[in-house]
Amino acid sequence: MSSDNNPSSSTVKSYLDQAVGTAQSAIGSITGNNENKEQGETAKKQGKNEHDASHTVTKVGPFTADPNTGAAVKADPGRSSGSWNQTVGAAKESIGNLIGNESLRQEGVRQNAEGKSQEAMGQVQDFGDGITKRVQGALGSVGAAITGDRESEAKWRDIHDEGKTRQRGAETDIQKRQQQPQQSSPKIGDEKD
C-alpha cells in the first residue's frame, strides 16, 4: 500500500481513499461543515490520482515498465509474433488488392487473422500470469510480514509488482485494440463510385 515510506501506488488504497472522501464530503454537506466537505473532496481527488498512478505503465516494444515500482517485464512472445503476422498479412492483402491477385489477398487475410489470434492469446496469457503473480506476491508478502521475514517480504513484493506490471501492460494493449476502428479491406472489384 502507498505511504510516505513506500512510493508504490495501490489500486485498493485508491478505492478506499475515494470512498472515505465521498463519505466525508457527504457528511460535510449534510452537517453544513464546509471544511469537512472540502477535506472529503481532497481525499477523493487524492484517491483518483492514486488510482491513475497505479495504472501507469511505460511500454517500449515488447517491454512494459512500472515507473512507480521499477518492475519491468517482457511480453509473451505470442504478442510480438502476432503483431508481426498482422503487419505482414496486411501488406500481402494490400499488395494482392493492388495487383489483382486474389490468392495473395486471401493469404494476407488469413495471416492477419492468425496474427490477431496470436496476439490476443499472448495478451490473455500475460493478463492471467499477471493476476496470478499479483495474488501470489500479495499472499506471500503478508505471510512473510506476519513472520517478520523482511527479506522474504521484499521478494514477494517484487513478484507482486512484476505481476501487476505484466497485467497492466496487457490491459493497455487490450484497451488500445478496443479503441481502434475495425478495418476491412475491400475485395477486388468492390469499388465505390
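The numbers here are math on the coordinates, done by the rules we state, and not lab data. Keep in mind that this is a model prediction, so the values were computed, not measured. Backbone-built Cβ (ideal geometry, glycine too); neighbour counts: all protein chains shown.
What is the calculated FRET efficiency for GLN180 to ASN49, with r their C-beta to C-beta distance and R₀ = 35 Å, to the nearest 0.05? The formula returns an efficiency of 0.80 here.
If R0 is 25 Å, the Cβ-Cβ spacing of ALA113 and THR58 corresponds to a FRET efficiency of close to 0.25.
Residues PHE63, PHE127 in ascending order of nearby Cβ atoms (within 10 Å, fewest first): PHE63, PHE127.
Less than 5 angstrom separates the built amide H of ALA71 from those of ASP66, all sequence-distant by 5 or more or on a different chain. Taking one quarter of the surface of the C-alpha convex hull of the stretch 57-193 gives a mean projected area of 9.5 nm².
Radius of gyration over Kirkwood radius for the stretch 15-98, both on Cα atoms: the Rg/Rh ratio is 1.40. Note on ILE95 and MET121: with the Förster distance fixed at 22 Å, the Cβ-Cβ geometry gives a FRET efficiency of about 0.25.
Cross-link partners of LYS74 among aspartates and glutamates, defined as those whose alpha carbon lies under 16 angstrom from its own and excluding same-chain residues fewer than eight positions apart: ASP66, GLU119, ASP126, ASP129, ASP158, ASP161, GLU162, GLU171, ASP173.
Using the structure shown, list the pairs from LYS59/LYS133; LYS116/LYS164; LYS48/LYS176 with a Cα-Cα distance above 29 Å, or answer none. Going by Cα-Cα distance, every pair falls inside the 29 Å limit. Exposure proxy for GLU107, GLU50, GLU35: other Cβ atoms within 10 Å of each Cβ, ordered fewest to most, give GLU35, GLU107, GLU50.
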